[in-house]
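Please read the structure below before turning to the comments.
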Amino acid sequence: MRITKGQIGLAAVILLAPGGFVLGAALLADRYRKRRTAEADTEIVS
């Protein structure tokens, strides 16, 4: 059985893309949480 570059690419997309989406969602949630915290701190000070 020969493995082609297309099969390797497809396997990489199937295996790595969900992890990329999870990582992206985690980074986005962290950024949103930090922004909310900064806004809350600003409201208390003013």
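The values are calculated or read from the model by the stated rules, or taken from the named source; none is laboratory data. It should be emphasised that the depicted structure is a prediction, and the values quoted were computed from it without experimental measurement. Glycine also receives a Cβ, built like all others from the backbone with ideal geometry; neighbour counts cover every protein chain displayed.
Structure values in brief
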{"read-out": "Residue satisfying condition, being assigned to a helix (DSSP H, G or I) and modelled with pLDDT of 85 or more, within set Leu28, Leu10, Leu16, Leu23", "value": "Leu28"}
{"read-out": "Counted residues, the stretch 1-37 - those being loosely packed, with under 10 Cβ neighbours inside 10 Å and not β-branched (Val, Ile, Thr)", "value": "6"}
